[in-house]
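All remarks here apply to the structure that follows.
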There are 4 protein chains.
Amino acid sequence: MQLGLIGLGKMGFNMRARLRDGGHEVIGYDPRPEVSDVESLEALAARLDAPRVVWVMVPSGTVTESTISELAGVLSEGDLVIDGGNSRYTEDGPHAKMLADKGIAFIDAGVSGGIWGLTEGYGLMVGGSDADVERALPIFETLRPPGPREDGFVHVGPVGAGHFAKMVHNGIEYALMTAYAEGYEMLAAEDLVKDPQAVYQAWTNGTVVRSWLQTLLAKALKEDPNLAGISGYTEDSGEGRWTVEEAIRLRVPVPSIAAALFARFLSRQDESPTMKAVAALRNQFGGHAVKRVSESG
Amino acid sequence: MQLGLIGLGKMGFNMRARLRDGGHEVIGYDPRPEVSDVESLEALAARLDAPRVVWVMVPSGTVTESTISELAGVLSEGDLVIDGGNSRYTEDGPHAKMLADKGIAFIDAGVSGGIWGLTEGYGLMVGGSDADVERALPIFETLRPPGPREDGFVHVGPVGAGHFAKMVHNGIEYALMTAYAEGYEMLAAEDLVKDPQAVYQAWTNGTVVRSWLQTLLAKALKEDPNLAGISGYTEDSGEGRWTVEEAIRLRVPVPSIAAALFARFLSRQDESPTMKAVAALRNQFGGHAVKRVSESG
Amino acid sequence: MQLGLIGLGKMGFNMRARLRDGGHEVIGYDPRPEVSDVESLEALAARLDAPRVVWVMVPSGTVTESTISELAGVLSEGDLVIDGGNSRYTEDGPHAKMLADKGIAFIDAGVSGGIWGLTEGYGLMVGGSDADVERALPIFETLRPPGPREDGFVHVGPVGAGHFAKMVHNGIEYALMTAYAEGYEMLAAEDLVKDPQAVYQAWTNGTVVRSWLQTLLAKALKEDPNLAGISGYTEDSGEGRWTVEEAIRLRVPVPSIAAALFARFLSRQDESPTMKAVAALRNQFGGHAVKRVSESG
Amino acid sequence: MQLGLIGLGKMGFNMRARLRDGGHEVIGYDPRPEVSDVESLEALAARLDAPRVVWVMVPSGTVTESTISELAGVLSEGDLVIDGGNSRYTEDGPHAKMLADKGIAFIDAGVSGGIWGLTEGYGLMVGGSDADVERALPIFETLRPPGPREDGFVHVGPVGAGHFAKMVHNGIEYALMTAYAEGYEMLAAEDLVKDPQAVYQAWTNGTVVRSWLQTLLAKALKEDPNLAGISGYTEDSGEGRWTVEEAIRLRVPVPSIAAALFARFLSRQDESPTMKAVAALRNQFGGHAVKRVSESG
């Protein structure tokens, strides 16, 4: 089928390729002319036959906000907008409302798979009405991995449900990564273990902990055995923070996910104010020496 | 090759089957006559051609201790004992010493895969000398999963290294399970999500969080959608506790693994004394009502 | 000086008494006629000489919201409203704005001390302009504990700062309570310790961990040595949740405070869905027995 | 009464002074001649009237071990040794046994109070037989803070119980320090808060969180408002590690204490291997940029 695709970055670029390989007609828009098929959102709307289906794949937050707002202006009644970015699920309702006022339908789609999705397919979690999801199904069918549909695609619930599931997916992802990483640190710290990479490699098959992420860590350790070239400084893209915030709203205890999130915050601090205060306290009551800043190199 | 196998429980029984399928001559011993091939450890020793290779697959702790001690009596110089159970790695040195005094060699082998190992193969992590590991390699080759050897088998280091790696494997396993479980609780708590099972099913393909454990949780939720029949009471078999203890020795921070361990402790308490004390404190300073035991059903 | 005081519950009732003892003229309003000095907010406004100072001490959220909204109607230009309840600090700005539109000033005041404040004084953290804080200072002087002003009172910053500091205070309080409670559980679990209460009693003087909360736990244990009559079910009043949410906004890692918060969530669950999922997983891969619901009685 | 005191460091030196002020005859031994009253343990034994009471106040571990071993040689039947250092409670049994073989009695004493004990008194937690504790009571009475005996002294139980209680005390101390420190970091991160020190100062009186440690943090922040001169690098002296290990043995969940311990481990790492692995993983699946070591300054 025909699809407008807005945002041709790391994810969108590959999705266009996969959809075209699948026989769809994709007209892509991106502010960078070297990758874009059209010059503007207006031009995109003009190129598509009504009723249109437009997939938005841009950074969450203000960029998604302004894109959807602009689309509300250039699209027409009966069109359908799919937000495939990492929007917070609480933004989906307002976006759907803004579009519904113009008679435009809305689906939120959580998309997982990263740079590997081009070849392996993308895990999809979508929210919206049955009719809207049915309408976009040919697109979902091509993007999702091969195999039974229910193994790589789910219609989670009404608008917002797709991004909620994707948010939880990413919260879990944070915790999984930390779990594997803690294990790596232990293997690397123990003299008995000759080569932590070999252990991670051996875990890729037959073990209880085997997984895609586990395999990727084995691969990363093969490329850089002591991770000597990599800093521990780790950004977070929002979903981890949102997951803990939503867990608090739902009164769900999430110690693992929270630990993973806090570890990222800490990784970005040169010095922990918390630990400076702890060191200052020890000095106060115990006369324990503190490391002066000048000593700590 | 010929192998003596001691312990024909959930794991050993299946391993005997897999090894026989692989063309090995396995003589198994178990105190339960209905599964045992011989009547005693002495009989086992007598049935095997010297130099013997004997695999011990019994519960860790006192049973392994006494089995190895007895083997030191019935085996002879030049024989090799493999401890494939979940012994703490710190016990391997003393066991190796006890056997070495009789000229008997020792390998520790961490075995992962659970009840699925029979058909899919077992992930193996072994510790010992190069010569000893080489000698037992035909056995390891049959037990491990098909595919490249390094993807399901690793000679981690000297005696103790195999069980150390298996211990860390299980510590990671605890944390992974908790991560997936926290995500499940969030999906189940959110009204937008029609069916948490469908989400878990959809994550089995294409997503970043896909894994063997993730697939098993999808399966468990299919069998019992709300886990209504299952209590949260969860035992731990030792490796999780040991992992945190060794992390402390190595000064490695393991917040995820520790959180998973503490969650199991808590799952086995009817009432948390910690939270009773917190409730008592709130009552003391704030006059906050406490729930009396009679009210709490 | 003259003060209108709205809300004569556990906190407000005692504050009226302390203020009157301090020589202030306090006119209190509460919907319960048996404790109220006037019949309505209108009557309260009529009884006070302009320019009025009115202290709001009602439950945070909708009750505070509607009280301040009503005050905006019955008060006049030049009056001053102090919100002494546990409002989230993010609500202070909108409340201040609503009142400022009528020319009414606003102070947010975090008040600590619980039921002991009547006799010992209340710790006060306030936010507002210098002029407004100066104006209400006689009230703060009487409410705060004896001793140097800076030891029991702080003008933290502009509107919102007082409630922010109070929120952090309560977040810390959660973590302190959990710390003492974990220690209690350990003492109670160890056979060597004859009487945990005696240990807590002995810690009240000379030790590094001595504190007001610590003393209260010694007292609680004296009244009910095994806390046999108290359920661990523990409510939270909002500040703990907000503290973790604000920590996430500020990218501050707060593992202790989060652990304390999650422990409260858990204390209110009959069964942890997280642990049901963990138990289900163990059963899937290891064939480990799960405790069926019927067994868990 | 007469007392031999071995170890005149930060703690022992002050204790000798406090005991002499209290009218006791204290003969101190320390390897540093400038503070020692006698030249050797033999000389110490010779100077004391039998039956002797000797207080050992030296670093835990090997120094305590060798001191007690040497004392077993120079003391006589009927003497009493008190270990007032921070020995792990599991060492008390073997020490008591070693001395009992010579007819020498043993008490373990946990001592809290740090450098402030000289003037304020030391919180004492002791383990041993009733008769032995009774015999040393005059010493305990002088060391403990003024006020009711049960508020600063406790006979916790048999040998080992004193050090067990002290270990838990220190575990709690770790968690309390972290709780206050997390709160400090939040106050320092929030623009609304003019001066975190002023908030900490104001909390010293009337609030729920007030404590000795809280007052010390206010003091530390007064001396160095942004803790600019203090590194977050924080040692641990063993009790925190032991507390978590014993909690695991007792199956007591201690998330707060463990979080505080892990934060110390982390404070001593230049780069977290765990976070390097997390960053490497993000790079693998998402193509997320990693910070190369050369960039991270």
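Every number here is computed from the coordinates shown, using simple stated rules; none is lab data. Since the structure is predicted, the reported quantities are computational estimates derived from the model, not experimental observations. Cβ: placed from backbone, ideal geometry, glycine included. Neighbour counts: every protein chain shown.
Using Cβ contacts closer than 10 Å as the measure, can you line up C:126, A:133 from fewest to most?
On the way: C:126 28, A:133 20.
Placing the least packed residue first, the sequence is A:133, C:126.
Does the range D:151-253 come out rounded, prolate or oblate, given a ≥ b ≥ c as the square roots of the eigenvalues of its C-alpha gyration tensor, rounded meaning a/c under 1.5 and, failing that, prolate meaning a/b above b/c? Don't skip to the end; give the middle numbers.
Numbers: a/c = 2.54, a/b = 1.94, b/c = 1.31.
It is prolate, given that a/c is not under 1.5 and a/b is the larger ratio.
Quick check on packing: order A:38-45, A:273-280 by the mean number of other C-beta atoms within 10 Å, highest mean leading. All intermediate terms of the calculation are to be shown ahead of the outcome.
Working: A:38-45: 16.8, A:273-280: 26.5.
Highest to lowest by the protection proxy: A:273-280, A:38-45.
Treating only the Cβ atoms of Lys and Arg (+1) and Asp and Glu (-1) as charged, compute the dipole magnitude of the range A:120-184 about its Cα centre; round to the nearest 20 debye.
Numbers: 4 positive and 9 negative charges, 20 e Å.
For the range A:120-184, the charge dipole is close to 100 debye.
Using 1/(1 + (r/R0)^6) with R0 = 60 angstrom and r between the beta carbons of residue B:189 and residue C:137, what's the FRET efficiency to the nearest 0.05? Show your work: numbers first, answer last.
On the way: r = 47 Å, r/R0 = 0.78.
Working from the Cβ atoms, E equals 0.80.
Can you give me the long-range amide H partners of residue B:230? Hydrogens built in the peptide plane at 1.01 Å from N, cutoff under 5 Å, separation of 5 or more residues or another chain.
Hits under the 5 Å cutoff: C:293.
Give me a single rounded figure for C:122-132: the average over its residues of other chain Cβ atoms within 10 Å of their Cβ.
Details: counts 3, 9, 3, 6, 1, 3, 0, 0, 0, 0, 0.
For this peptide, the per-residue mean of nearby foreign Cβ atoms is 2.
Taking amide hydrogens as modeled 1.01 Å from N in the peptide plane, which residues meet the under 5 Å criterion relative to residue A:55, leaving out close sequence neighbours?
Amide H neighbours of residue A:55, under 5 Å, 5+ apart: A:4, A:5, A:6, A:82.
Only bridges with both residues in the range B:2-157 count here: give the DSSP antiparallel percent, nearest 5.
Details: 5 of 25 bridges.
Beta bridges within the range B:2-157, antiparallel portion: roughly 20 percent.
Taking Cα pairs under 8 Å and at least six residues apart, what relative contact order does chain B come out at, in percent?
On the way: 440 pairs, mean separation 35.0, N = 297.
Relative contact order for chain B comes out at 12 percent.
In this model, which of A:102/C:97; B:194/D:276; B:291/C:166 are farther than 28 Å apart at the alpha-carbon? List each step's numbers first, then the result.
Numbers: A:102/C:97 34 Å; B:194/D:276 38 Å; B:291/C:166 26 Å.
A:102/C:97; B:194/D:276, as the Cα separations exceed 28 Å there.
Report the charge-dipole magnitude of chain A in Debye, nearest 20, computed about the Cα centre from +1 at each Lys and Arg Cβ and -1 at each Asp and Glu Cβ.
Working: 27 positive and 40 negative charges, 170 e Å.
Magnitude of the dipole: close to 820 debye.
Pull out a ≥ b ≥ c, the square roots of the eigenvalues of the alpha-carbon gyration tensor of the protein assembly as shown, then state rounded if a/c is under 1.5, prolate if not and a/b is larger than b/c, and oblate in the remaining case.
Working: a/c = 2.02, a/b = 1.00, b/c = 2.02.
Note, shape of the protein assembly as shown comes out oblate.
How high is the relative contact order of the range D:42-180, given as a whole-number percent (alpha carbon pairs under 8 Å, six or more residues apart)?
On the way: 237 pairs, mean separation 30.0, N = 139.
Once normalised by length, the contact order is 22 percent.
Averaged over B:18-31, how many beta carbons belonging to a partner chain fall within 10 Å of each residue's beta carbon? Before the final figure, lay out each step's value.
Details: counts 0, 0, 0, 0, 0, 0, 0, 0, 0, 0, 0, 0, 0, 0.
Taking the mean over all residues of the peptide, I get 0.
From the Cα gyration tensor of chain D, with a ≥ b ≥ c the square roots of its eigenvalues, which class applies: rounded if a/c is under 1.5, or else prolate if a/b is larger than b/c, or else oblate? Walk me through the intermediate numbers first.
Details: a/c = 2.30, a/b = 1.77, b/c = 1.30.
In terms of gyration-tensor shape, prolate.
Note the direction-averaged projected area, equal to a quarter of the hull surface, for the Cα convex hull of the range C:2-157, in nm².
Details: hull surface 32.5 nm².
For the Cα atoms of the range C:2-157, the hull's average projected area reads 8.1 nm².
Within chain D, which complete DSSP H helices have Cα atoms spanning at least 30 Å along the helix axis and a mean Kyte-Doolittle hydropathy of -1.0 or higher? Can you show the working numbers first?
Numbers: long enough: D:161-189 (42 Å, 0.25).
Correct list, ordered by number: D:161-189.
Counting other beta carbons within 10 Å of each residue's own, what order do D:239, A:173 fall into, fewest first?
Ranking D:239, A:173 by Cβ neighbours within 10 Å, fewest first, gives D:239, A:173.
Projecting each Cα onto the charge dipole of chain C (Lys/Arg +1, Asp/Glu -1 at the beta carbon, about the Cα centre), which of C:230, C:85, C:66 comes out farthest on the positive side?
Checking the options against the dipole of chain C, the answer is C:230.
Between residue A:70 and residue C:268, with labels modelled 7 Å along Cα→Cβ, what's the label distance in nm to one decimal, could you check?
Result: 4.4 nm between the two label points.
Of the beta bridges DSSP finds with both residues in the protein assembly as shown, what % are antiparallel, to the nearest 5? Show your work: numbers first, answer last.
Working: 26 of 106 bridges.
Bridges in the protein assembly as shown that DSSP calls antiparallel: roughly 25 percent.
For residue C:268, what residues show an amide H to amide H distance below 5 Å, using hydrogens built from the backbone and excluding near sequence neighbours?
For residue C:268, the qualifying residues are C:234.
Suppose each label sits 7 Å from its Cα in the direction of the beta carbon; what would the residue D:120-residue D:25 distance come out to in nanometres?
That separation, rounded to one decimal, is 3.4 nm.
Using the Cα centre of the range C:182-297 as the reference point, and only Cβ charges (+1 on K/R, -1 on D/E), how large is the resulting charge dipole? Debye, rounded to the nearest 20.
Charge dipole of the range C:182-297: 300 debye, to the nearest 20.
From the phi of every residue in the range A:108-120, what ³J(HN,Hα) in whole Hz does the Karplus formula 6.51 cos²θ - 1.76 cosθ + 1.60 yield, where θ is phi - 60° and glycine or proline is x?
Along the range A:108-120, the couplings run 9, 10, x, 10, 10, x, x, 5, 8, x, 3, 8, 9 Hz.
What percent does the relative contact order of the range B:103-250 come to when contacts are Cα pairs within less than 8 Å and at least six residues apart? Write out the running numbers ahead of the final one.
Values: 152 pairs, mean separation 28.5, N = 148.
That works out to 19 percent.
At a 10 angstrom cut-off on C-beta neighbours, averaged per residue, how do the peptides D:147-156, C:13-22 rank from highest to lowest?
Numbers: D:147-156: 21.5, C:13-22: 17.7.
Put in order of decreasing packing, that is D:147-156, C:13-22.
Specify the inter-centroid distance of the range B:228-250 and the range D:14-48, based on alpha-carbon positions, in whole Å.
49
In what order do D:101, D:30 fall by count of nearby beta-carbon atoms within 10 Å, going from fewest to most? All intermediate terms of the calculation are to be shown ahead of the outcome.
Details: D:101 9, D:30 20.
Least crowded to most crowded, the residues run D:101, D:30.
Which of A:40, A:26, A:55 sits closest to the plus end of the dipole of the range A:22-61, meaning its Cα is farthest towards the positive end, when Lys and Arg get +1 and Asp and Glu get -1 on the C-beta?
A:55
Quantify how strongly other chains surround peptide C:102-114 by giving the mean number of their Cβ atoms within 10 Å of each of its Cβ atoms.
On the way: counts 0, 0, 0, 0, 0, 0, 0, 0, 3, 2, 8, 7, 8.
Mean partner-chain Cβ count within 10 Å for C:102-114: 2.
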